[in-house]
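In what follows, a structure is listed as C-alpha cells, so that the remarks can point back to it.
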Number of protein chains: 2
Amino acid sequence: MTYNTQKPVILSDQVKSTLHSLEPLTRKVLLTLSQPSPQDNRGDIDRIRQLLERSYGSVRIPLSLMPKIPQVCRSSNWKFTAVLSETCQGWTLIDIESGDTTQEHFGLAIDIGTTTVVVYLIDLTDGKVLKYAADYNDQIAMGEDILTRIRYASSPDGLASLQEAVLATLNRLIKRLYPLPSEASMISAAAIGANTTMIHLLLGLDPASICRAPYIPVVNNPGLITAAEIGLDISPLAPVYCLPSIGSFLGGDVIGGILVSGMHQESDISLFVDIGTNGEIVLGNKDWLVACAGAAGPALEGGVTTYGMRAEQGAVDHVSINQKTGWVDYSTIGNMPALGICGSGLVDTLAGLFLSGIIDRSARFQNGQQEFVVVPAHETASGEDIVVSQVDIKNFMATKGAVNAATDLLMENVGCDWREISHFYAAGAFGQYLPIESAVTIGLYPDLPRTAIVRLGNSSGEAARQVLLSRTKRLEAEEIARKVTYFELNANAAFMDKFVSSKFLPHTDLDRYPSVRERLQNRI
Amino acid sequence: MTYNTQKPVILSDQVKSTLHSLEPLTRKVLLTLSQPSPQDNRGDIDRIRQLLERSYGSVRIPLSLMPKIPQVCRSSNWKFTAVLSETCQGWTLIDIESGDTTQEHFGLAIDIGTTTVVVYLIDLTDGKVLKYAADYNDQIAMGEDILTRIRYASSPDGLASLQEAVLATLNRLIKRLYPLPSEASMISAAAIGANTTMIHLLLGLDPASICRAPYIPVVNNPGLITAAEIGLDISPLAPVYCLPSIGSFLGGDVIGGILVSGMHQESDISLFVDIGTNGEIVLGNKDWLVACAGAAGPALEGGVTTYGMRAEQGAVDHVSINQKTGWVDYSTIGNMPALGICGSGLVDTLAGLFLSGIIDRSARFQNGQQEFVVVPAHETASGEDIVVSQVDIKNFMATKGAVNAATDLLMENVGCDWREISHFYAAGAFGQYLPIESAVTIGLYPDLPRTAIVRLGNSSGEAARQVLLSRTKRLEAEEIARKVTYFELNANAAFMDKFVSSKFLPHTDLDRYPSVRERLQNRI
C-alpha cells in the first residue's frame, strides 16, 4: 500500500491541532518610497533596508538580489512589495515585486516519501491548499528501499544522482502547479516533511553513517536553506525548512506526525503509529515522549503476498467474507478487473478469514486448506485466481507481530498500561486507507473506542503545511525533536521474545481486544 | 602620480588611531568533541552547532559547508578548528579545519583604486601585515577614469567585463600572496576600501545612477557578502566587508581616510584631503563632519604636463632649482635615465620656479619665457629635453585652484577659519609622496606647523586593515558614514567665483601662507 497518488488527503477532520494565527516562513510588506533626491544621498538598497529595519530589526539583503532592486524600484515608481524571510538570526529580504502583491503569496508544503512525493501549493494569506501534485520518487530507479539507496549513494556519483532524482521529481511536480493564481508572484517558501535519509539525499549529504553503527546522521536539524542552494525551482532565495529529525531512524516525517496529532500537548497518554516500509511508534504526552523505529517490511505496501500490489488501478481494496457462506464481496480501485490485492484489501481479507473461522487465532488455515481464493480466475485481468496463501499470511503476520511486539515493549519500558491510552493516532497510508474495523480485528490497530482512533492522513505533508504557516509550529516541532527519547529495539533481547510470542490474531492477550472477543463470541 | 606599486606604505607612523583589541571579522575556535555513540543520536552538525551556541548564541551553518563537516570530524578524530564569521545577525560557521589551526589565521585588507589595486595579507592573530601585492586595475583597459567606466558598464556585457577585470586583478594578486605561512589554513576574511563606483563594479551592480541626477548609488552599505558570491579566490564562505560609502562621490575609501585619521574623535577641527583623479575634502571634528568631492583632473597623476608620467622607473620624482643660478638638481625613480616627470617632481619644479622668481604669483613665466628645461636632452632616455611649459603649468593650476576653491568654500560654509584647523590630513598618493615643503610653497598643502601636517599613506588600505581586525572600527566607520554631511559643489555658483579667483601661488590670500611669504621675503 502506498499513498493513492490521485487523492493525497492532507488533513483528517479529526485532527485537533489547529493554527491559531498565520506566521508564515515569509511575509510580504508593501513599501512606498519617495523619489530619490539630491537631499538624500542614501542608495536605493540602504533606504529600503532602513525602512524595513524600523519594523523588523536587522534585515539582511543578499547580494544576489541587489541588481534587481533599482530596476523594480524605478519600474514600479517606488511602490513595490518586499518579501521577507524570518530566520533564527533575524530577517532577510528575499525578493521584491512591482506594485502591491501582498495578497498573492504562495508557499509549498512538501512530503518526500521513500516511494511517493507530494507537493501542495499553499496560499500563505489564509493557509489553504490551492492545488497539489503527487508522483513516485524518481529515486526508486536507484533502489526501492532506504538501505538500497544508502548503498547506492556510496557508489561513484551515486549521491549526486540520488539528489538529482528527487529534485527532478520535485521540480516536475512544481511545474504542474503552474500557472499560479497570480502571475505577478513567485512561490516564496517551502517546508518539507521527510525521513532522515530523504533529507540527506535532498541536501546532498552522505547518508552512509545512517546505517552504520552508531547510526548518527550528518544532521538532524539543517536549519533554513535557500531554494537555489538545492536547486528547487521556486524563488531562488525562498527559505526551505526541513522538519527536524531525531536521529537516523526517526525523521521529520515522524516529528511532523506528532506535531499534527497534538499528542505532545495532551495530558493523557497517546500512541502514534506510522507503518510503511519502516515503522515508527511513539508513546507519550505533554511531559514525555518515547519512540522506537524499525524496518516493518513491505507487508502494508502490498509486497509480501503473491498477488500483492500497490494501491493502483485494478487493486482489490475492499473485501468482505460472509461468515456463514465464505462468499466474497470485493471492490477494485477504478472498478477495473482485479490485478492483485493492495494493503487495505489484504487487511479486510485477513479479518474476514479470521471472523469466519477459516483461519484460527494463530492465523493458520483450518482443515488442511492452503490458500483462499479472493477473486476467481474468470473475474481477474490475468485469468488466474487471485489468492491469499498460508505463506502470504505468515509473511504478513511477521510485520504485524513486529508492530505489536515493539508497541508492547515500549509500553512496558515506560510502565504504561493499555487502559491509560487515550488516543491512537495512525499516520500515513497506514492511517489513511486501512479499514478501521478490519485493522482492529486483526490487531493492527488497538481495540479502543472508535472515536479514540484518529487517522492523521498524510501527516508529514500536513506538518509541512503547518510549519510553513506558523512560527509557533516550527518552535513546537523543534521542541518535540528535543523531547523525544529514542528507544533502541535492535539491541533489545526482549524484543525477539515478544516478537516470537505475538503472532496471534488479534493479539497474544485477547483481553486487550474486547470488541473482537465479542464478535468472535457472537459468531459462535 | 599613482601609488608606487613597489612600496605601498600602509600606515604612516604619525597616525594616531590605534587598535585597542583584536575583534577580526572571523574568529577561530578549537573544538574537541566526544566520539559519537548510541547514547547521543544528535547529528555531527547538530552537536557542533549546539556546542558553539553555548558561547556564541545562534550559529548558522550554511548548506555548502555541511558535506565537509563529517569528513573533517572523523579524519581529525573529533578535534578541529571552527572558523566563525560575525554578522550583524549573529554568527555563521564558515569553515572547519582539522586539528588546532587557531594560531594560523589570515585575512586580506584590500584597496581597490580606480588605477591601482593593493592586497595586503594580514595575520588576524596580531594584526600585522605579512605580505602585500599591488598592480594596476585591469579595468583600465575599459577606461582610465571612473566616468568612462560607468559608460562602458552600460554597453552590452560591459558591467560583467568590468566585474571580471577587477576580480582577475584581485585573484592574480591573491595568488602572489601564496603560499601562506601555514598551508593548513585558508584566508578566511577580507575587507575592502574603494570608491563607490569600484564597489558597484566589484559587486556587479549597475553604476549608471552614480553619474545621473540625482546621483544616487544602488547601495552605500552592502553589508557582509561572501567571497564565493563575488568570485574571490579565498575560503568560499569568507565574509567580505566593504567600507560603507556616503553617496556616489564619497566612497568607502574616504570614510576609511577619516577613520584612519581619527579626526572624527577629536575636539579640534581637522581638514582631510585626498586628491587623485577625483578629489575629496572633509572638514570637521567629533561633533560634525562636512565633505565635498569633485573631479580633480589628472594633475597629480602625471597626466596634465607634456612629459607627465606615473611614478614609475625613470620618472623624475625630486627636483630642486637653485634660486640664484636656476640650475636644476633632480633624481629619478630607480636612478634610470629620465623618461618624464611624475606628480612629486612636478610639485617640486613648480615650487622651485616660484621661489626662484622664474614664474610669478599668477604662475606665469617672466620675461617672455615659454618653458623650463627640467632635464636636458643629453640626460634623458629619449634624447629630447624634458620641459615644463606654460600650458602644463596652467593645467596644473586648474587642479590646484579647484582644490583651494573647494576647501575655502567648505570652510566658509560652516563658518570655520583657517586658524581653527588643528590638523591637515593628506591621504593616498597625495599624502604619501608629495614633498611637504614644495606642496606648501605652491599652496597644495596649507601652511600649518609641519607637525600638524599628517600624511596618512594608503589610508584606504589601512582602513580596510582596521575594519578587518576590529568590530569597534567597523561600527566607527558606519557611524562616520551616518555623520558626514555632503556639500554639493557642482550646484554651487560661488564655487566658480572662487575657482576663477584662486589660481595664485601659493593662494589668493597670501596671509594664509606665512612661511611662504617669509621665504619669498628672504629671497628678495
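The values are calculated or read from the model by the stated rules, or taken from the named source; none is laboratory data. Worth saying up front: this structure is predicted, and the values here are computed from it rather than measured. Positions of Cβ are generated from backbone atoms using ideal geometry, with glycine treated the same way; all protein chains shown enter the neighbour counts. All accessible areas refer to the heavy atoms of the entire protein, side chains included, with ligands and DNA or RNA removed. Shrake-Rupley method; radii C 1.70, N 1.55, O 1.52, S 1.80 Å.
For region A:143-159, which residues satisfy the criterion of being part of a helix (DSSP H, G or I) and surrounded by fewer than 18 Cβ atoms within 10 Å (Cβ to Cβ)? Those that are part of a helix (DSSP H, G or I) and surrounded by fewer than 18 Cβ atoms within 10 Å (Cβ to Cβ): A:147, A:148, A:151. Only one entry in B:419, B:465, B:361 is surrounded by fewer than 17 Cβ atoms within 10 Å (Cβ to Cβ) and over 25 Å from residue B:487 (Cα atoms), namely B:361. Within region B:38-61, residues that are under 25 Å from residue B:88 (Cβ atoms) and without any contact (Cβ under 8 Å) to a residue 40 or more places away in the chain reach partners that are assigned to a helix (DSSP H, G or I) and open to solvent by less than 10 Å² (accessible area, probe 1.4 Å) with beta carbons closer than 6 Å, at six or more positions or on different chains, in the pairs B:45/B:69; B:59/B:52; B:61/B:45. Only a single item in (1) buried (at least 16 other Cβ atoms within 10 Å of the Cβ); (2) touching a Pro at 6+ places or on another chain (Cβ under 9 Å); (3) in contact (Cβ under 8 Å) with a residue 40 or more places away in the chain is not met by residue B:385, and it is number (3). Checked against (1) over 23 Å from the mean Cα position of the chain (by Cα); (2) open to solvent by 30 Å² or more (accessible area, probe 1.4 Å), residue B:356 passes all but a single condition, namely (2). Cβ separations smaller than 6 Å between residues 6+ apart or across chains give the following pairs from region B:230-251 residues that are outside the structural domain of residue B:178 (by TED's automatic domain parsing) to residues that are part of a loop (DSSP other than H, G, I, E, B) and aromatic (Phe, Trp, Tyr): B:248/B:215. With respect to the stated conditions, residue B:255 is modelled with pLDDT of 95 or more, within 20 Å of residue B:488 (Cα to Cα) and within 14 Å of chain A (Cβ to nearest Cβ). Inclusion of residue B:325 among residues that are of a type in the set (Val, Ile, Thr) and in contact with a helix residue (DSSP H, G or I) (Cβ under 7 Å, 6 or more places away or on another chain) is not warranted. Screening the candidates A:477, A:494 for the property of being away from every other protein chain (no Cβ under 14 Å), closer than 20 Å to residue A:273 by Cβ, surrounded by fewer than 24 Cβ atoms within 10 Å (Cβ to Cβ) and of a type in the set (A, V, I, L, M) yields one hit, A:494.
For the residues A:230, A:192, A:174, the requirement of being over 27 Å from residue B:50 (Cβ atoms) and modelled with pLDDT of 95 or more singles out A:174.
In region B:192-215 there is at least one residue matching the filter, namely being away from every other protein chain (no Cβ under 12 Å), in contact (Cβ under 8 Å) with a residue 40 or more places away in the chain and within 20 Å of residue B:127 (Cβ to Cβ).
Taking residue B:189, is it out of contact with any Cys (no Cβ under 8 Å at 6 or more places or on another chain) and assigned to a strand (DSSP E or B)?
Working: out of contact with any Cys (no Cβ under 8 Å at 6 or more places or on another chain): yes; assigned to a strand (DSSP E or B): yes.
Against the criterion (out of contact with any Cys (no Cβ under 8 Å at 6 or more places or on another chain) and assigned to a strand (DSSP E or B)), residue B:189 qualifies.
Would region A:102-113 turn up any residue that is open to solvent by 10 Å² or more (accessible area, probe 1.4 Å), touching a Lys or Arg at 6+ places or on another chain (Cβ under 8 Å), assigned by TED's automatic domain parsing to the domain that holds residue A:192 and more than 26 Å from residue A:48 (Cα to Cα)? No: zero hits. The requirement of being at pLDDT below 95, within 14 Å of chain A (Cβ to nearest Cβ) and under 37 Å from the mean Cα position of the chain (by Cα) is fulfilled nowhere in region B:60-75; no residue meets it. Given the residues A:225, A:246, which is the only one that is surrounded by fewer than 24 Cβ atoms within 10 Å (Cβ to Cβ), under 18 Å from residue A:191 (Cβ atoms) and either within 14 Å of chain B (Cβ to nearest Cβ) or of a type in the set (Gly, Ala, Ser) (or both)? Residue meeting the stated conditions: A:225.
Would you confirm, using the coordinates I've provided, whether residue A:189 is of a type in the set (A, V, I, L, M), in contact (Cβ under 8 Å) with a residue 12 or more places away in the chain and away from chain B (no Cβ under 14 Å)?
When the stated conditions are applied, residue A:189 passes them.
Just one of the numbered conditions (1) surrounded by fewer than 18 Cβ atoms within 10 Å (Cβ to Cβ); (2) at pLDDT below 90; (3) under 25 Å from residue A:247 (Cβ atoms) is not true of residue A:489: (1). None of A:82, A:109 is within 37 Å of the chain's Cα centre (by Cα), assigned to a strand (DSSP E or B) and farther than 16 Å from residue A:32 by Cα except A:109. Among the residues examined, residue B:351 qualifies as at pLDDT 95 or above and on the phi < 0 side of the Ramachandran plot.
Taking residue A:414, is it more than 30 Å from residue A:191 (Cβ to Cβ), open to solvent by less than 20 Å² (accessible area, probe 1.4 Å), away from chain B (no Cβ under 14 Å) and among the hydrophobic types (A, V, I, L, M, F, W, C)? Criteria not met by residue A:414. Within region B:316-335, residues that are part of a helix (DSSP H, G or I) sit with their Cβ atoms under 8 Å from residues that are open to solvent by 40 Å² or more (accessible area, probe 1.4 Å), at 6+ positions apart or across chains, in these pairs: B:333/B:312; B:333/B:313; B:334/B:313. Inside region B:89-135, can you point out the residues that are under 30 Å from residue A:85 (Cα atoms) and of a type in the set (S, T, N, Q)? Result: B:89, B:92. Scanning region A:204-222 for residues that are in a helix (DSSP H, G or I) and open to solvent by less than 10 Å² (accessible area, probe 1.4 Å) yields one hit, A:210.
Cβ-Cβ contacts under 7 Å between residues 6 or more apart (or on different chains), taken from a first residue in region B:433-445 that is without any contact (Cβ under 8 Å) to a residue 60 or more places away in the chain to a second residue that is among the hydroxyl-bearing types (Ser, Thr, Tyr), are listed as B:436/B:445. Selection of region A:182-197 for residues being buried (at least 24 other Cβ atoms within 10 Å of the Cβ) and over 15 Å from residue A:109 (Cβ atoms) yields A:195, A:196, A:197.
Here are some conditions: (1) touching a residue at least 60 places away in the same chain (Cβ under 8 Å); (2) surrounded by fewer than 22 Cβ atoms within 10 Å (Cβ to Cβ); (3) within 21 Å of residue A:242 (Cβ to Cβ). Residue A:118 meets all but one. Which one does it not meet? Condition not satisfied by residue A:118: (2). Taken over region A:430-453, the criterion of being buried (at least 23 other Cβ atoms within 10 Å of the Cβ) and out of contact with any helix residue (DSSP H, G or I) (no Cβ under 7 Å at 6 or more places or on another chain) is satisfied by A:431 alone.
Is it fair to say residue B:295 is aliphatic (A, V, I, L, M) and within 14 Å of chain A (Cβ to nearest Cβ)? It is false that residue B:295 is aliphatic (A, V, I, L, M) and within 14 Å of chain A (Cβ to nearest Cβ).
Only one of these conditions is not met by residue B:272: (1) within 14 Å of chain A (Cβ to nearest Cβ); (2) modelled with pLDDT of 95 or more. Which number is it? If we test residue B:272 against (1) within 14 Å of chain A (Cβ to nearest Cβ); (2) modelled with pLDDT of 95 or more, just (1) comes out false.
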